[in-house]
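Notes follow once the structure below has been shown.
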Amino acid sequence: MKKIEILEVNEIGDYEEGLSLLLEDSINNGASIGFLAPIEKNEVLNYWREVNHKLAGNVAYGLLFKK
């Protein structure tokens, strides 16, 4: 059975590298999500660091899909 959990997110922390790789791969393989390809790793890392900075003192919600 698959489960979906709703998570409170108040920092990206340990997920920065994985999120960066996912975003970079998505953009460079044609995903239309507000960035233009080709995109470099440092640009994607800067994006997630900015998101992390904006999360400070706030809460966002994310979905976690499990098999």
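List of remarks:
- Counting the residues of segment 11-21 that are in a helix (DSSP H, G or I) and either out of contact with any helix residue (DSSP H, G or I) (no Cβ under 9 Å at 6 or more places or on another chain) or at pLDDT below 90 (or both) gives 4.
- Hits in segment 28-44 (condition: of a type in the set (A, V, I, L, M, F, W, C) and not in a loop (DSSP other than H, G, I, E, B)): Val44
- Consider segment 24-67 and keep the residues that are in contact (Cβ under 8 Å) with a residue 24 or more places away in the chain and of a type in the set (S, T, N, Q). The one that is surrounded by the most Cβ atoms within 10 Å (Cβ to Cβ) is Asn52.
The values are calculated or read from the model by the stated rules, or taken from the named source; none is laboratory data. Model, not experiment: these values are computed from the prediction. All Cβ positions, glycine included, derive from the backbone under ideal geometry; neighbour counts span all protein chains shown.
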